[in-house]
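Here's the structure we're looking at; comments come further down.
The values are calculated or read from the model by the stated rules, or taken from the named source; none is laboratory data. Not measured: the values here are computed from a predicted model. Virtual Cβ from ideal backbone geometry, glycine too; neighbours counted across all protein chains shown. For the accessible areas, the whole protein counts, side chains as well, though only heavy atoms, and no ligand, DNA or RNA atoms are used. Shrake-Rupley method; radii C 1.70, N 1.55, O 1.52, S 1.80 Å.
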Amino acid sequence: MNAFPKLFSPFQLGSLSVKNRMVMSPMETHLCDTEGFVTEEIIAYYKERAVGGVGYITLENTAVDPVGRVNDGMLCIHDDKYIPGLKKLTDCIHTAGGKIVIQLSHAGKEALPYFTGLKPVAPSAIPSPLTKEMPRELTAEEIRDIISKFTQGAVRAIKAGFDGVEIHMAHGYLVNQFLSPESNMRTDDYGGNTARRSRFAREIVEGIRMHAPKDYPVICRISADEYTDTGLKLEESSEIARILERAGTSALHVSACNYASAFYNIPCYYLEEGCFVHLAAGIKSVVKIPVLVVGRILNPTMAENILQENKADLIVLGRTLIADPHYPNKVKEERLHDIRTCISCNRCIESISDKRLVCTVNPYIGKEDRCRTAKTTKPKKILIVGGGPAGLSAAQVLSDRGHTVTLWEKESQLGGNFSYASLAPKKELLGKFLDYLILQAKKANVEIHLNTKATAESIKQFSPDAVVLAHGAKDVPVEISGAQKNGAIGVKTAFLRANSLGNNIAIVGGGPEGCELADFLVSNGKKITLVEMRRVLGLGLVAHPRYHVCERLKKTGTQLHINTKVVEIGHHSIVINRRREADQRLDGFDTIVIPTLHQTNTALTDQIKSFVPEVYTIGDAAEGRTALEAIAEGVETGVKL
C-alpha cells in the first residue's frame, strides 16, 4: 500500500480529471521569447514536469493585455497570433500524459513603463511599493475593457487546448489591487466595501463563465492575507472567496502577500514549511468548492497530512518541481532519498529578474532536451579531486555515462563548503541536499576515497585518462593589521569550532558568510559584534534570505556596525573607523573572526597538464562563486567529457 494514499487519489475539478493531488504552481521561467511566444525550451521544460507525474501543470502567468505585461519574459495571450504556439505546448503535455491549466494575468501598477512604453494602470493612483512608479487610475470604461480582455484570453486558452484557466488575483497584481483596501481607494462601484472592491474579480469570472463550456475549470488565485498593516486579512478574504464561489469559480488557489510583503511571498528557508496552510484551511471552512494550498510544501508527509486533515484538496508545488520535476513519481515509488531537494535559497526568483530561470540544485532548467546523460562510446578512467558539490555532481554524471570514476577527498568527510554552510540556522536543507549528492554518487558506483590528498605525483601514479579538479578555492585571509599575530580565525574555522570560541565574539565582514555565522553563534548563546564596511549587510545573498537574516540579527541584539571599517586587530580588541569620525577601540572579545578571500586554485592544474591528457578545473577551484555554478559546472563537465 502506498504511504501517501490521499496524495495519490484522483480528483475531479470540473471537467478536469486529475490523477493525483499535486499541482504545479505558475512560476515565471523567462524561457519564452521577448515577444511572449512559446519556445522549444519552454515546451521541453513543462514536458519534463508532465513526465514527472504531477497531477496538472499551471502554466506561468500569461498577459491578457500588453499594458499588463510585467517584463519581456512574460508569456502572452492578448492576440490570436499566440494560439498556435500555445497549442503546440498543450499538445505536447497531453501526449506526455499530462494536464495543463493556464494562468491569466495583468500586472497593473507593477508593470514596468520602461518596458511597456506606457504608464502603468491601477484602480487608484497609488505608487507601486516596489518600483515607486505612480500608476494612472482606470476609468470605468477601461475596467470593462480589461474584463473583456480576460474573457478573450480565456477563449484563446480554450482554443489552444488548455484544460482550464486560473485567474491571477494575488501577489499585488491588478485584480489583487482592486480587491485590497490598501490599493483601492475608488468611490465608484468598483471601490468601497468588500463587495464593491470584489466586483472587478467577480465580473472577470462571470465573463469567462459566459463563454466557456459548462464545467470548464475557472480557478482563482487569491492572497488570503497580504501581510501588511492595511491589506487584506483572512476574515475579509473569506467573504471574497464566497463572492467568487457564487460567481462560478471552480476552485480557489490560496496564496498570500503583495509586492510590499514580497519577502514572505516566496518563502525562503527562514520561513517554516507549510507557512500558508492555515490560510487555505480558513478559506476551505467557508466555501464548498475545492481549495488549493501553496507555501513551501516540501515534505510529502506534510502534504498527505494536509489532505487527510481536510485543510485543502490539492497541494501546489512550486520550487519543489523546479528542483526535481520527477518529485511526484519518486514519492509514488517511495524513493524519497532520490528526490533532488529544493533548498529554498530563492536563486530561482532572483534569476528571473533580468534573465532566465536557474536553480541551484537543478542545472538542467531550459536544457531538458539537450542534457540527457547518454552512455559514452569511449569509456575512460577518470579521477575527480574534491568531494564538494562540483566534484560529486561531476562524478555521478560521468559514472552514469559509463566511465570508471574515482573520487579523492582530502578531508574525512564529503561535502566541501556545504559541510559547514549547512550548520547555519534554517539551512538544514543544504545538508539534506548534500546527502542526496553523496547517495547518487554511491549509487552510480563512484569509488570514493576519503583522507586522500591529491598531489602531482599521486595523480601521475594513478595514471588517469582525465582529471576533474574540484578541490575548492585557495582560501586566503583578508589582510588586516594585527590579525595574524593576534590569532584571528576564518569563518569556516569558527563554524567548526563554535564551542571553543568563548562567549564574546567579533566578526569582521557582514557578507553572506559573516551574517550566517553571526546567526549561528547567536543561536548558540554567543554575544556577537558584527562589522561591515559597506552600507548593507548580507550583500551576495538573495534578497529574501538577506532580509530575514538581517531581521534575525537585529531582533537578537547583535551589535551591528554598518559602513564601518576594521583597521586593526588586537589580542582581544578591534579598532574600527567610520568616515569623518575618530578611530574607536572595542575591547573584551574572546575570539575575532575575519573574512577569507576565495581565490582561484589552479596550481595543481598547471602541475599535471603535461602528463594527463584531459584536465578540467571546475567550481571554486576555477573561480570562487556559489553552489549554483559549482553544481552546474560539475554536470556540464560530466555531460561533455
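A few points about this structure:
- Filtered residues of the stretch 575-626 (kept if more than 17 Å from residue 464 (Cβ to Cβ) and hydroxyl-bearing (Ser, Thr, Tyr)): 591, 596, 600, 602, 626
- Scope the stretch 272-310; condition in contact with a strand residue (DSSP E or B) (Cβ under 7 Å, 6 or more places away or on another chain) and without any contact (Cβ under 8 Å) to a residue 40 or more places away in the chain; matching residues: 277, 284, 293, 297, 306
- Within the stretch 465-497, restricting attention to residues that are in a loop (DSSP other than H, G, I, E, B), of a type outside the set (Gly, Ala, Ser) and within 18 Å of residue 517 (Cβ to Cβ), the residue that is least open to solvent (accessible area, probe 1.4 Å) is 480.
- Residue tally, condition in contact with a strand residue (DSSP E or B) (Cβ under 8 Å, 6 or more places away or on another chain), more than 15 Å from residue 616 (Cβ to Cβ) and part of a loop (DSSP other than H, G, I, E, B), over the stretch 382-416: 3
- Residues of the stretch 407-420 that are modelled with pLDDT of 95 or more and either surrounded by fewer than 19 Cβ atoms within 10 Å (Cβ to Cβ) or within 28 Å of the chain's Cα centre (by Cα) (or both): 410, 411, 412, 413, 414, 415.
- Selection of the stretch 297-311 for residues being outside any helix (DSSP H, G or I) and within 14 Å of residue 24 (Cα to Cα) yields 297, 298.
- Failed item, numbered, when residue 41 is tested on (1) surrounded by fewer than 16 Cβ atoms within 10 Å (Cβ to Cβ); (2) in a helix (DSSP H, G or I): (1)
- Test for residue 201: is it open to solvent by 20 Å² or more (accessible area, probe 1.4 Å), farther than 28 Å from residue 20 by Cβ and more than 21 Å from the chain's Cα centre (by Cα): no
- Yes/no for residue 178 being of a type outside the set (Ser, Thr, Tyr), at pLDDT 95 or above, open to solvent by less than 10 Å² (accessible area, probe 1.4 Å) and in contact with a Gly (Cβ under 7 Å, 6 or more places away or on another chain): no
- Selection within the stretch 391-401 - within 25 Å of the chain's Cα centre (by Cα) and open to solvent by 10 Å² or more (accessible area, probe 1.4 Å): 396
- Those residues of the stretch 269-296 which are among the β-branched types (Val, Ile, Thr) and either assigned to a helix (DSSP H, G or I) or within 26 Å of the chain's Cα centre (by Cα) (or both), in sequence order: 277, 283, 291, 293, 294
- Meeting the requirement of 2 or more residues that are more than 16 Å from the chain's Cα centre (by Cα) and on the phi < 0 side of the Ramachandran plot, the helices (runs of 4 or more DSSP H) wholly within the stretch 312-372 are 327-332.
- Enumeration of residues in the stretch 112-137 that are in contact with a strand residue (DSSP E or B) (Cβ under 6 Å, 6 or more places away or on another chain), at pLDDT 95 or above, open to solvent by 10 Å² or more (accessible area, probe 1.4 Å) and not small (Gly, Ala, Ser): 136
- First in the stretch 629-641 and over 20 Å from residue 417 (Cα atoms), second anywhere and of a type in the set (Asp, Glu) and surrounded by fewer than 23 Cβ atoms within 10 Å (Cβ to Cβ), Cβ under 9 Å, 6 or more apart: 638/400; 641/614
- A single entry from 72, 33 fulfils the requirement of being without any contact (Cβ under 8 Å) to a residue 40 or more places away in the chain, surrounded by fewer than 17 Cβ atoms within 10 Å (Cβ to Cβ) and not polar (S, T, N, Q): 33.
- For the stretch 148-175, a residue qualifies if it is among the acidic types (Asp, Glu) and open to solvent by less than 30 Å² (accessible area, probe 1.4 Å), and exactly one does: 166.
- Counting only residues that are more than 24 Å from residue 481 (Cα to Cα) and in contact (Cβ under 8 Å) with a residue 60 or more places away in the chain, the stretch 530-575 holds 8 of them.
- Test for residue 115: is it within 23 Å of residue 257 (Cα to Cα) and part of a helix (DSSP H, G or I): no
- Positions within the stretch 263-318 being of a type in the set (A, V, I, L, M) and within 16 Å of residue 331 (Cβ to Cβ), in sequence order: 297, 298, 302, 303, 306, 307, 314, 315, 316, 317
- Within the stretch 276-295, considering residues that are of a type outside the set (Gly, Ala, Ser) and open to solvent by 20 Å² or more (accessible area, probe 1.4 Å), the one farthest from residue 56 (Cα to Cα): 286
- Breaking point among (1) surrounded by fewer than 20 Cβ atoms within 10 Å (Cβ to Cβ); (2) under 29 Å from the mean Cα position of the chain (by Cα); (3) on the phi > 0 side of the Ramachandran plot, for residue 451: (2)
- Residue match in the stretch 140-147 (condition: open to solvent by less than 50 Å² (accessible area, probe 1.4 Å), out of contact with any helix residue (DSSP H, G or I) (no Cβ under 7 Å at 6 or more places or on another chain) and either acidic (Asp, Glu) or modelled with pLDDT under 95 (or both)): no
- Residue within the stretch 14-28 that is outside any loop (DSSP other than H, G, I, E, B), open to solvent by 10 Å² or more (accessible area, probe 1.4 Å) and either of a type in the set (Phe, Trp, Tyr) or at pLDDT 95 or above (or both) present: yes
- Candidates in the stretch 93-112 are the residues that are more than 26 Å from the chain's Cα centre (by Cα) and not small (Gly, Ala, Ser); of these, the one that is nearest to residue 154 (Cα to Cα) is 94.
- Matching option when the condition is basic (Lys, Arg), open to solvent by 10 Å² or more (accessible area, probe 1.4 Å), assigned to a helix (DSSP H, G or I) and within 23 Å of residue 321 (Cα to Cα), among 109, 88: 88
- Residues that are open to solvent by 50 Å² or more (accessible area, probe 1.4 Å) and either more than 19 Å from residue 75 (Cβ to Cβ) or touching a residue at least 24 places away in the same chain (Cβ under 8 Å) (or both) within the stretch 351-379 comprise 355, 356, 367, 369, 370, 372, 373, 374, 375, 377, 378, 379, listed in sequence order.
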